[in-house]
Amino acid sequence: MPQWVHNYRGSIKIDIDTCTACRLCYEELPEIFSDRGDGIPIVYAKVVTESLIERVFQIAQDCPSGSIILE
Ligand code: SF4
């Protein structure tokens, strides 16, 4: 894992204008994301523990519409 991933202290946002509600993020990472009820995810985790950081970066890469924004 690259060093910058260890140092990640940013926020996770969903671009609901581009999200296609494919369900991937909350099916793969339910510790962080949840379905708000209409297929669009919400980020409900207040803290991303170090053990989940790598998976968060991976799911942001895997999102087919690039709608998971790490800032
Ligand atoms: S993986 Fe991307 S497109 Fe699919 S539900 Fe999550 S944010 Fe939306």
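The values are calculated or read from the model by the stated rules, or taken from the named source; none is laboratory data. In this text, all values refer to a predicted model and were calculated from it rather than measured experimentally. Ideal geometry is used to build each Cβ from the backbone, glycine not excepted, and the neighbour counts take in all protein chains shown. Each accessible area value is taken on the protein alone, full model and side chains, heavy atoms only, with ligands, DNA and RNA left out. Shrake-Rupley method; radii C 1.70, N 1.55, O 1.52, S 1.80 Å.
Considering only the stretch 9-33, how many residues are more than 10 Å from the chain's Cα centre (by Cα), open to solvent by less than 60 Å² (accessible area, probe 1.4 Å) and more than 8 Å from the ligand (Cβ to nearest atom)?
So the count comes out to 1.
Being within 12 Å of the ligand (Cβ to nearest atom) and among the hydrophobic types (A, V, I, L, M, F, W, C) is the filter; apply it to the stretch 38-55 and report the residue that is least open to solvent (accessible area, probe 1.4 Å). Outline the logic, then answer.
Of the stretch 38-55, the ones within 12 Å of the ligand (Cβ to nearest atom) are 38-43.
With the extra rule that they be among the hydrophobic types (A, V, I, L, M, F, W, C), the set shrinks to 40, 42-43.
Numbers: Ile40: 19, Ile42: 72, Val43: 51 Å².
Filtering the stretch 38-55 for residues that are within 12 Å of the ligand (Cβ to nearest atom) and among the hydrophobic types (A, V, I, L, M, F, W, C), the one least open to solvent (accessible area, probe 1.4 Å) comes out as Ile40.
Checking the structure you have, find out if any residue of the stretch 61-70 is touching a Cys at 6+ places or on another chain (Cβ under 7 Å), exposed (fewer than 14 other Cβ atoms within 10 Å of the Cβ) and part of a loop (DSSP other than H, G, I, E, B).
Initially, the stretch 61-70 is screened for residues touching a Cys at 6+ places or on another chain (Cβ under 7 Å), giving 63-65, 67-68.
Filter once more, so that each one left must be exposed (fewer than 14 other Cβ atoms within 10 Å of the Cβ): 64-65.
Still in the running and part of a loop (DSSP other than H, G, I, E, B): 64-65.
Yes, that holds for at least one residue.
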